[in-house]
1. Can you tell me which condition Glu118 does not meet? The list is (1) surrounded by fewer than 17 Cβ atoms within 10 Å (Cβ to Cβ); (2) at pLDDT below 95; (3) charged (D, E, K, R), and all the others hold.
2. Restricting attention to segment 94-115, which residues are at pLDDT below 95 and either part of a helix (DSSP H, G or I) or not assigned by TED's automatic domain parsing to the domain that holds His56 (or both)?
3. Inside segment 273-327, can you point out the residues that are surrounded by fewer than 21 Cβ atoms within 10 Å (Cβ to Cβ) and farther than 24 Å from Gly158 by Cβ?
4. Restricting segment 6-39 to residues that are surrounded by fewer than 13 Cβ atoms within 10 Å (Cβ to Cβ) and of a type in the set (A, V, I, L, M), which is modelled with the lowest pLDDT?
5. Looking only at segment 211-269, which residues are touching a helix residue (DSSP H, G or I) at 6+ places or on another chain (Cβ under 6 Å) and either in contact (Cβ under 8 Å) with a residue 60 or more places away in the chain or on the phi > 0 side of the Ramachandran plot (or both)?
6. May I ask you to list the residues in segment 220-238 that are within 27 Å of Val77 (Cβ to Cβ) and either surrounded by fewer than 21 Cβ atoms within 10 Å (Cβ to Cβ) or charged (D, E, K, R) (or both)?
7. Going residue by residue through segment 74-85, is there one that turns out to be under 20 Å from Arg39 (Cα atoms), touching a residue at least 12 places away in the same chain (Cβ under 8 Å) and β-branched (Val, Ile, Thr)?
8. In a strand (DSSP E or B) and in contact (Cβ under 8 Å) with a residue 12 or more places away in the chain: is that true of Val152 in this structure?
Amino acid sequence: MKKLINAVDSVLTESLDGFVAAHADLLVLGEEHKFVRRRALKPGKPALISGGGSGHEPLHAGFVGAGMLDAACPGQVFTSPTPDQMIAAAEAVDTGAGVLFIVKNYEGDVMNFEMAAEMAGREILTVVTDDDVAVETSTYSTGRRGVAGTLVVEKIVGAAAEQGRGLADLQALGKDVNGRTRSMGVALTSCTVPAAGKPTFTLAEDEMEMGVGIHGEPGRRRVKLATADAIAEEMLGAIVGDLGPKAGSECLLLLNGFGGTPAMELYLMVNSARRILAGKGVTVTRFLTGSYVTSLEMAGCSLTVTMLDQAVTTLWDAPVHTPALRW
């Protein structure tokens, strides 16, 4: 195992220390490294909190800031944060308008966020994201997994929160955006969890995992390596088939790298995806390309499509100022 670390058991805390130091103008680190929160809270605004296992950076802490999350709770690598982390985060950022949890559909995350909501002693509503079309259930989840589409939900709901919408409206919006969003991923290599010290799975030089999850868990099947066009065609066939958009529809395309894929290849995939979507009668009017929901050093990518209308587009375009997203 070759990684830039000092010790396996201090990877997360040392990384968080460096992250918050580098973005001290935006962020504050919670006591005992339980959460990362916005430095400048907005009184009277419902607080948005998300979180999950580390190793997916910049998700979620990289999206803490104006226009997105108020706090994020980082668990150990690929491990859900604990309820006490979420309770501490809620206490730190709730300014009186309640809290919205945005939770990826993985069993540990859902269970622990539910426990925190019950124990926190304050008004908390929840949105669960389940945008992965690759599998209907997995070792990690009951139902579809929540993957890169979570970023889209956090951005759009975060913009609405900044504009003054109430807690119930934000929950309804989050569910609506999740319903408009589908994702699918492909892995070209595995990743290595520091505590394990060896790759999560093994792929031959001419193999790829189609429909892989963000922890490296299996997808639809293991297949021979194909061209970018063929990979995009299969993923978008599943995504568009599930969404069932009308001809002439507009969408957001999120081309997300898993951590080990260079930007040149990601933009090549963007080119394939936009052409394929156009052939299916869907026009990409908004793009986001980069490694935003990663799986440590895994090579590969995911495609996320969110169907747009004017209201959702306006919220997507609203200003955001976080470590990972700024416009």
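The values are calculated or read from the model by the stated rules, or taken from the named source; none is laboratory data. A quick note: this is a predicted structure, and the numbers were derived from the prediction, not measured. In this analysis, Cβ positions are derived from the backbone assuming ideal geometry, glycine residues included, and neighbour counts consider all displayed protein chains.
1. Failing condition for Glu118: (2).
2. Once the filter is applied, which keeps residues that are at pLDDT below 95 and either part of a helix (DSSP H, G or I) or not assigned by TED's automatic domain parsing to the domain that holds His56 (or both), segment 94-115 yields Glu107, Gly108.
3. Within segment 273-327, Arg274, Arg275, Ile276, Ala278, Gly279, Lys280, Gly281, Thr283, Glu297, Ala299 meet the criteria.
4. Ranking the qualifying residues of segment 6-39, first place goes to Ala7.
5. Matches in segment 211-269: Ala232, Leu236.
6. If the condition is that a residue be within 27 Å of Val77 (Cβ to Cβ) and either surrounded by fewer than 21 Cβ atoms within 10 Å (Cβ to Cβ) or charged (D, E, K, R) (or both), then Arg220, Arg221, Arg222 are the ones that fit.
7. Initial filter on segment 74-85 (under 20 Å from Arg39 (Cα atoms)): 74, 85.
Filter again for touching a residue at least 12 places away in the same chain (Cβ under 8 Å), leaving 74, 85.
The next check asks that each one be β-branched (Val, Ile, Thr); those that pass are none.
No.
8. Here the answer is no, as Val152 does not meet what is asked.
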